[in-house]
Amino acid sequence: MVKTKRFDGGLKVQFNPARIVSAGAKTDKASIAKRPCFLCKDNRPKVQTGVSFGEDFDILVNPFPILPVHFTIAARQHRLQRIQEHYANLHKLSDKYPKLMFFYNGPKCGASAPDHLHFQGGTNGMLPVQEMWSKLDATAQPLLSINGAEGIFEIVDFAYPAIAIKSRSVENDVHLFGIVYNSLPQQADEVEPMMNIVVWKEGLDTVSVVFPRRKHRPDCYSKEGDEQYLISPGALDMGGLLILPRQTDFERINERLLMEVMKEVVLDAKAMQEVTEKIRNRKI
């Protein structure tokens, strides 16, 4: 049974036992090599029905939903989880299904299948970052503008550091995202900058919120006994809805501990300042 509680600051926590499959997933190369890819068509559960999206993706029912309506948008070809060449699809998905929201988990930022390109989508408006958007948008700091409507902004009043892109065309969105992508730090052993992305329609705008990351999982994930919390953050967690597959963790966690744990996986203030300065200094 799924349960949800909200803290005073607006963040939410969901107890969802079915998500133990994702939260407990081993995503190291050796473990991935040993298992069949569950997003490849031949290995999908028979009950996982879907429809096509363009020539390259299938929209599938997610067998372990977090949201009341929850889809996985899987590439038809088995290819690695990478965002740079495929970001435009998030805007296109939002154009085609404006009543849904969509998100991307980097290969070490919550993706349980880092070996197979996929997005996810579902019920719109449930994430705290969306619920607070009017305030967040009003206080966002402009970093770079194409015109009076489209540009890149720093979100300064949310629990976690974030960069927002507001766009009205696929081309401008892709261009702006490229600037953000190239401004993020990339660790030596990573194939792309660590990030999560949440995308939805807000009036005429497509809003894309990028959450830069520096760590896959917090230390508490690997601890033992009462010190362990099975927290493996993805895009929904970064958007303010923390998913906990164990009831004991759900009952014990409080807002202070949540903020301490999540502070480990996001960029610190200095690194975030470097990102925003790089964006400000870019030319359109």
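Tell me the carbon and sulfur percent of the accessible area for the chain, rounded to whole percent, probe radius 1.4 Å. List each step's numbers first, then the result.
Details: 6760 of 13150 Å².
On the chain, the fraction of accessible area on carbon and sulfur atoms equals 51 percent.
State the number of lysine pairs found in region 170-284 whose Cα atoms come within less than 18 Å, restricting to pairs 8 or more positions apart or on distinct chains.
5
After finding the eigenvalues of the alpha carbon gyration tensor for the chain, what semi-axes result from the square roots of 5 times each, listed largest first in whole Å?
Square roots of five times the eigenvalues give 27, 23, 19 Å.
Using all alpha carbons of region 146-218, what is the percent of pairwise distances in each 10 Å bin, ordered from the shortest bin to the longest?
Binned Cα distances yield the sequence 18, 50, 27, 5.
Whole number please: convex hull volume per residue of the Cα set in region 163-284, in Å³?
Numbers: hull volume 16.1 nm³, N = 122.
Spelled out: Cα convex hull of region 163-284, divided by residues, is 132 Å³.
Could you run the Debye sum over the Cα atoms of region 58-211, one equal point scatterer each and no solvent, and tell me log10 of I(q)/I(0) at q = 0.08 Å⁻¹, two decimals?
Results for region 58-211 at q = 0.08 Å⁻¹ read -0.21.
Please work through the chain and write down the cysteines that have no neighbouring cysteine Cβ at a distance under 4.7 Å.
If one checks each Cβ against the other cysteines of the chain, 109, 220 turn up with nothing under 4.7 Å.
Mind listing which trypsin sites (Lys or Arg not before Pro) in region 128-201 are in a DSSP loop and have 16 or fewer other Cβ atoms within 10 Å? Walk me through the numbers on the way to the answer.
Numbers: sites: 135, 166, 168, 201; in loops: 168.
Listed in order of number, the matching sites are 168.
Excluding ligands, DNA and RNA, what is the solvent-accessible area per residue of the chain at a probe of 1.4 Å, expressed in Å²?
Details: 13150 Å² over 284 residues.
Per residue, the chain has 46 Å² of solvent-accessible surface.
Would you check region 1-65 for Lys pairs whose C-alpha atoms are within less than 30 Å, ignoring same-chain pairs closer than 8 in sequence, and give me the count?
So the count of such lysine pairs works out to 11.
Work through the residues other than residue 224 whose Cβ is under 14 Å from its Cβ and net out their charges, Lys, Arg +1 and Asp, Glu -1.
After counting each charged neighbour, the total is -2.
The values are calculated or read from the model by the stated rules, or taken from the named source; none is laboratory data. This one's a predicted model, so the numbers in the text were calculated from it and none came from an experiment. Using ideal geometry, Cβ is built from the backbone for each residue, glycine included, and neighbour counts are taken over all protein chains shown. Only protein heavy atoms, including side chains, enter the accessible area calculation; ligands, DNA and RNA are left aside. Shrake-Rupley method; radii C 1.70, N 1.55, O 1.52, S 1.80 Å.
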